[in-house]
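What follows is a set of notes on a single structure, which appears directly below.
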Amino acid sequence: MASTPGALTVKPEVGPWSRVALAAVAWTALYLLIEPLSQWIAYGLAGLPRGSHLGDAVAFFFYDVPKILLLLSGMIFVITVVRSFFSAERARRLLSGKRVGLGNVLGATLGIVTPFCSCSAVPLFIGFVESGIPLGVTFSFLIAAPVINEVALILLFGMFGWKVAALYVSSGLTIAIVTGLVLGRLRLERYVEDFVWRTQFKEGEDESAGLSWEDRFAQARDAVRDILKKVWAYVLVGIGVGAGIHGYVPTDALAGYMGKDAAWWSVPLVVFAALPLYSNAAGMAPVLQALVEKGAALGTALAFMMAVVGVSLPETILLRRVLRPQLIGVFVGVVTVAIIITGYLFNAIL
Amino acid sequence: MATGVRVIEVLGPGCARCYETLRVVRHVVDDAHLECLVQKSESVERMADLGVMRTPAVVFDGKVVLSGRIPRTEELRQLLGLS
């Protein structure tokens, strides 16, 4: 966990690598420092008694905030460097001619590693469908990215550990694959707007080719800066709220509604409530922490988050340009059902 | 020699990232006192014609110079041949 970007592959003679190695060392040192530092701030500097409610809350806050921010910086850096080797053009080449089934698995996987923002959904959709990639495979690709959000993944890892993070990725992949398979089976091609089939999509340049390591590191640095800038306030507020309510609201306050033994309809209810909401993953993570802290079952809480982050109204509205309402309806429906099933699954095994 | 006005297009459906890209483009163009037309296009057909699958994209005189991310100021200056 403490291993860091590029630390293993340092080549001493090149500039960019040494800078990355240096950053990796600094990162590790900071990571090791935050726990003793948080203890010192709470119990030394502030003089709060050990074991006291306030003291623990302060220590928790000063440990968790830097921990999450460090995890975000380190992992976003690595993820962005990895992603710089993938491109939509490459995904299109890899996926064209692939059969349903294998194509869906590959599509969902590529959807995670290929960098694209949800507003690219329309040109991506046309580009894929036009080059003969089956509709279902295209959907597997398009749904994987928002359902498996990298910021959410890192936050889950930081707050709940690697098991929950791994479960999140595998269930997200499964949702993308199954959704694509089901949509492919339903033969919905007729609900794609006609102009899509007529569009000639020019073969674009492969963005991932010909980048130097320096370029890739620069992109990664930018990504880290952008995400931290967008996210730090949420992390601060979220963990602050988490630390603040810790102990004041009874921990089983929500157990009756969202707990493991709550009624069967609690998962679908939560998912339907979440569908119209749209927030970024960072905003959701603290909510998740608070919910679980107060007795919500993790599966129910995760289903809530996936529905909020994964099904976005803006993206759906954009897709309306290329898809008829019927297909959008089926798409949202299938994804929703998949998320609900995942919620049950999580509750059953966690 | 081309005598027409040079054109920079920013392609994207109109999300925050596209507007940020447009802002960077305008900033660089103003800063360099570049004589050119800056356009924002949401046309899917235009994206298809140019092979742009990832937005935002920056197109300079009909050639895609960047796609899929917000350019840095310095990077964009280079792409436009300004530095």
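Summarising the label geometry, the points placed 7 Å from Cα in the beta-carbon direction at A:Gln39 and A:Glu203 lie 6.1 nm from one another. Helix A:213-245 and the longest principal axis of the C-alpha atoms of chain A enclose an angle of approximately 50°.
When you count the other C-beta atoms within 10 angstrom of each residue and take the mean per peptide, A:103-112, A:164-173, B:25-34 line up highest first as A:103-112, A:164-173, B:25-34.
Rounded to 0.05, the FRET efficiency of the B:Glu35 and A:Ala348 pair, given R0 = 60 Å and the Cβ-Cβ distance, is 0.35. For the protein assembly as shown, DSSP calls about 60 percent of its internal beta bridges antiparallel. Using every pair of distinct Cα positions in region A:53-127, the Kirkwood expression returns a hydrodynamic radius of 15.2 angstrom. Placing pseudo-labels 7 Å out from each Cα toward the beta carbon at B:Asp49 and A:Arg187 gives an inter-label distance of 3.7 nm.
Around the Cα centre of the protein assembly as shown, unit charges on the Cβ atoms of Lys, Arg, Asp and Glu (plus for the first two, minus for the last two) sum to a dipole of about 560 debye.
The translational diffusion coefficient of the protein assembly as shown, from Stokes-Einstein at 25 °C and 0.890 mPa s with a Kirkwood hydrodynamic radius over alpha carbon pairs, comes to 105 µm²/s. Partner shielding of B:58-69 amounts to 3, given as the average count of beta-carbon atoms from other chains within 10 Å of each residue beta-carbon.
For chain B, the alpha carbon convex hull comes to 86 Å³ per residue, rounded to a whole number. Sorting the segments B:37-45, A:45-53 by their mean number of nearby beta carbons within 10 angstrom, highest to lowest, gives B:37-45, A:45-53. The order of the peptides A:192-198, A:229-235 by mean Cβ neighbours within 10 Å, most packed first, is A:229-235, A:192-198. Our estimate of slack between A:Arg320 and A:His53, defined as 0.36 nm per intervening residue step minus the Cα-Cα distance, is 91.0 nm.
Report the percentage of all Cα-Cα pairs in region A:92-134 whose separation exceeds 15 Å, rounded to a whole percent.
Details: 364 of 903 pairs.
Counting pairs separated by more than 15 Å, the tail of P(r) holds 40 percent.
Return one number: the angle in degrees, 0 to 90 and rounded to the nearest 10, between the long axis of the Cα atoms of helix A:150-160 and the longest principal axis of the Cα atoms of chain A. The helix A:150-160 is inclined about 30 degrees to chain A. Partner aspartates and glutamates whose Cα lies under 20 Å from the Cα of A:Lys202, excluding those fewer than 8 positions away in the same chain, are identified as A:Glu89, A:Glu130, A:Glu193, A:Asp194, B:Glu9, B:Glu42, B:Glu45, B:Asp49, B:Asp61. With each label modelled as a point 7 angstrom along the Cα→C-beta vector, the A:Arg99-A:Trp264 pair spans 3.7 nm.
With a/c under 1.5 counting as rounded, go ahead and sort region A:78-170 into rounded, prolate or oblate using the C-alpha gyration tensor (a ≥ b ≥ c being the square roots of the eigenvalues; past the cut-off, prolate if a/b is larger than b/c, else oblate). Note, shape of region A:78-170 comes out prolate.
Near the amide H of B:Val7, within less than 5 Å, lie the amide hydrogens of B:Leu37, B:Asp61, all on another chain or at least 5 residues away, with H placed in the peptide plane. Per-residue shielding of B:32-38, expressed as the average number of other chain Cβ atoms within 10 Å of the residue Cβ, stands at 0.
Per residue, how big is the convex hull around the C-alpha atoms of region A:155-198? Give it to me in cubic angstrom, could you?
94
Against chain A, whose longest principal axis comes from its Cα atoms, helix A:102-113 is set at around 50 degrees. Here the residues B:Ser67, A:Ser96, A:Ser73, ranked from fewest to most Cβ neighbours within 10 Å of their Cβ, fall in the order A:Ser96, A:Ser73, B:Ser67.
Residue pairs exceeding 31 angstrom between C-alpha atoms, taken from A:Lys98/A:Lys230; A:Lys229/B:Lys40; A:Lys67/A:Lys294: A:Lys98/A:Lys230. Among the residues of A:199-205, the average count of other protein chain beta-carbon atoms within 10 Å of the residue beta-carbon is 6.
FYI, it's all coordinate maths here, none of it is from the lab. Remember, it's a predicted structure, so these values are computed and weren't measured experimentally. Using ideal geometry, Cβ is built from the backbone for each residue, glycine included, and neighbour counts are taken over all protein chains shown.
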